[in-house]
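Okay, structure first, notes after.
The values are calculated or read from the model by the stated rules, or taken from the named source; none is laboratory data. Bear in mind the structure is a predicted one, so any value in this text is a computation, not a measurement. Methodologically, a virtual Cβ is constructed for each residue, glycine included, from the backbone with ideal geometry; neighbour enumeration extends over all protein chains shown. Only protein heavy atoms, including side chains, enter the accessible area calculation; ligands, DNA and RNA are left aside. Shrake-Rupley method; radii C 1.70, N 1.55, O 1.52, S 1.80 Å.
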Amino acid sequence: MPTPALDAAALEKLVSAAVAAPSIHNSQPWRFRLQPATSVLEVRADRSRAVPAADPQGRALHISVGAAVLNLRVAARHLGWAPEVRLLPDPVEPELFATVRLDTRAAVAVPGSEKLYEAIWRRHSIRTPFTGEPVPPTVLGELVAAARAEDATLDLPDHGETARLLDLTAEAERRNTTDPAQRTESRSWVRTGDAPPYGIPVAALGPQDLAGHLPMRDFTAIHAAEHQAPVLFEREPRIAVLITEHDTPQDWLRAGLALEHVLLAATVHGVRASLLHQALEWPYLRWEARDPHRRPGYVQILIRLGYGPEGAPTPRLAADEVLDPELRTV
Ligand SMILES: Cc1cc2nc3c(=O)[nH]c(=O)nc-3n(C[C@H](O)[C@H](O)[C@H](O)COP(=O)(O)O)c2cc1C
């Protein structure tokens, strides 16, 4: 069988899948460029949409781009390639975050890959209450395996540790909503009306937890006019903690691949998710988020899992807006 054609239609499909990934504040901080001679798709950071107050190191930016790379890999397999992904392949060009080589036909289908591909289009962040029905251990086991496949660890804390992590998140949330730089930045990513296709539409925001157990991010930063009335969230939230062994830019990208692999695997099982990143935005709180009873590691993000509505897509820049214009033609 011949290798699939890397034509304009395939490129459009690949990039559309990539941009469906989650990103901090829906900032979509990525650009793509095809090198037709080598069939390599390059993925670069686009720092014009960075979020410096929440993410001064660019760690969350790397996680976001890593999530897009996972989608690219899954979409490339769907189209019939055996993609070869390299992270930070060129030490002299640190903004080249990844390359995906597309010149080899897949010999065999990777089990489960098609379901992951379909899930790309159904995965959305859900910021409303979940039903409280527990996620079965077999499903949680699959999510742990999904993170492990990307060289990351997904921890499932017990009740006490979950409460401790949510306390740290609540403390971060208090700081985020009172810190002038953070709250101005967070508000600037909330979109109303005719806005560019990035940032978070008001319709995708959720209420706060009436009981105060689940510190959901307040993107409107206590702007009363846009607040929904608080409601009760699930009493026993299932939180999963994504951890990497080290804390280099390469680890952050790996965390992004792992995050999206976990989220897609959850979507396959009808499990919804939202992300709680607030505590990881303050160095002291991030340090505290490490579980002192477990082996060392760096917490990258908290994932809240459960059952609820599927949700709706949020806007994305079109594929041709994030493809390098000069080299777009194939
Ligand atoms: C690194 C990172 C951090 C995020 N942090 C939060 C968060 O703290 N709270 C939240 O509600 N969503 C968070 N998100 C989710 C994004 O807001 C979401 O992916 C984006 O708005 C696009 O929406 P979608 O996930 O429904 O496609 C985060 C996403 C990433 C990749």
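Just need a number here: residues in region 197-226 that are more than 27 Å from Glu321 (Cβ to Cβ) and open to solvent by 40 Å² or more (accessible area, probe 1.4 Å).
Total meeting the criteria: 10.
Quick check: is even one residue across region 72-88 at pLDDT 95 or above, among the basic types (Lys, Arg), away from the ligand (no atom under 16 Å from the Cβ) and within 18 Å of the chain's Cα centre (by Cα)?
Scanning region 72-88, I find at least one residue that is at pLDDT 95 or above, among the basic types (Lys, Arg), away from the ligand (no atom under 16 Å from the Cβ) and within 18 Å of the chain's Cα centre (by Cα), so the answer is yes.
Does Tyr117 meet the test of being hydroxyl-bearing (Ser, Thr, Tyr) and outside the structural domain of Glu260 (by TED's automatic domain parsing)?
yes
In the list Val92, Val69, Val65, which residue meets the criterion of being out of contact with any strand residue (DSSP E or B) (no Cβ under 7 Å at 6 or more places or on another chain) and either within 15 Å of the ligand (Cβ to nearest atom) or not acidic (Asp, Glu) (or both)?
Working: Val69 fails: out of contact with any strand residue (DSSP E or B) (no Cβ under 7 Å at 6 or more places or on another chain); Val65 fails: out of contact with any strand residue (DSSP E or B) (no Cβ under 7 Å at 6 or more places or on another chain).
Going through Val92, Val69, Val65 in turn, the sole match is Val92.
Out of region 292-320, which residues are farther than 16 Å from Asn26 by Cβ, within 15 Å of the ligand (Cβ to nearest atom) and either of a type in the set (Ser, Thr, Tyr) or part of a loop (DSSP other than H, G, I, E, B) (or both)?
Passing the criteria: Tyr298, Gly308, Pro309, Glu310.
Would you mind stating whether Val43 is within 16 Å of the ligand (Cβ to nearest atom) and part of a strand (DSSP E or B)?
Yes.
From the set of residues in region 233-262 that are among the aliphatic types (A, V, I, L, M) and within 13 Å of Glu150 (Cα to Cα), which is farthest from the ligand (Cβ to nearest atom)?
Here is the first cut: in region 233-262, the residues among the aliphatic types (A, V, I, L, M) are 239-243, 253, 255, 257-259, 262.
Then drop every residue that is not within 13 Å of Glu150 (Cα to Cα), which leaves 242-243, 253, 255, 257-259, 262.
Working: Leu242: 10, Ile243: 14, Leu253: 12, Ala255: 8, Leu257: 12, Ala258: 12, Leu259: 7, Val262: 12 Å.
The extreme case among them is Ile243.
What number goes with the only condition from (1) touching a helix residue (DSSP H, G or I) at 6+ places or on another chain (Cβ under 6 Å); (2) modelled with pLDDT of 95 or more that Ser113 does not pass?
Of (1) touching a helix residue (DSSP H, G or I) at 6+ places or on another chain (Cβ under 6 Å); (2) modelled with pLDDT of 95 or more, only one is false for Ser113: (2).
Give region 204-232 a look and list any residue that's within 11 Å of the ligand (Cβ to nearest atom) and among the small types (Gly, Ala, Ser), or say none.
Within region 204-232, Ala204, Gly206 meet the criteria.
Counting only residues that are closer than 16 Å to Ile24 by Cβ and in contact with a helix residue (DSSP H, G or I) (Cβ under 9 Å, 6 or more places away or on another chain), how many does region 34-48 have?
3
Among the listed residues Pro134, Pro180, which satisfies the condition of being open to solvent by 50 Å² or more (accessible area, probe 1.4 Å) and free of Cβ contacts under 8 Å to residues at least 40 places away in the same chain?
The match here is Pro180.
How many residues are open to solvent by 20 Å² or more (accessible area, probe 1.4 Å), within 16 Å of the ligand (Cβ to nearest atom) and either part of a loop (DSSP other than H, G, I, E, B) or in contact with a Pro (Cβ under 8 Å, 6 or more places away or on another chain) (or both) when one looks only at region 4-22?
Kept after step one, since they are open to solvent by 20 Å² or more (accessible area, probe 1.4 Å), are these residues of region 4-22: 4-9, 12-13, 16.
Those still in the list that are within 16 Å of the ligand (Cβ to nearest atom) too: 16.
After this cut, where a residue has to be either part of a loop (DSSP other than H, G, I, E, B) or in contact with a Pro (Cβ under 8 Å, 6 or more places away or on another chain) (or both) as well, the list is none.
So the answer is 0.
Looking only at region 186-196, count every residue that is open to solvent by 30 Å² or more (accessible area, probe 1.4 Å) and within 11 Å of the ligand (Cβ to nearest atom) and tell me the total. Even if it seems obvious, please write down each step before you answer.
Initial filter on region 186-196 (open to solvent by 30 Å² or more (accessible area, probe 1.4 Å)): 187-188, 191-196.
Among the residues that remain, those that are also within 11 Å of the ligand (Cβ to nearest atom) are: 191.
Residues in region 186-196 being open to solvent by 30 Å² or more (accessible area, probe 1.4 Å) and within 11 Å of the ligand (Cβ to nearest atom): 1 in total.
Tally time: how many residues in region 253-272 are open to solvent by 10 Å² or more (accessible area, probe 1.4 Å) and in contact with a Ser or Thr (Cβ under 8 Å, 6 or more places away or on another chain)?
Qualifying residue count, region 253-272: 1.
So, in region 85-122, exactly how many residues are part of a loop (DSSP other than H, G, I, E, B) and basic (Lys, Arg)? Quick ask: steps written out before the conclusion?
So the first thing to find is which residues in region 85-122 are part of a loop (DSSP other than H, G, I, E, B), and the list is 88-95, 102-104, 106-112, 121-122.
Still in the list and also basic (Lys, Arg): 122.
Counting residues in region 85-122 that are part of a loop (DSSP other than H, G, I, E, B) and basic (Lys, Arg) gives 1.
Output the number of residues of region 214-238 satisfying the condition of being modelled with pLDDT under 95 and not in a loop (DSSP other than H, G, I, E, B).
3
Return the pairs, sorted by first residue and then second, in which the second residue is basic (Lys, Arg) and in a loop (DSSP other than H, G, I, E, B), the first residue lies in region 28-43 and is within 11 Å of Leu6 (Cβ to Cβ), the beta carbons are less than 8 Å apart, and the residues are 6+ apart or on different chains.
Cβ pairs passing all conditions: Leu34/Arg328.
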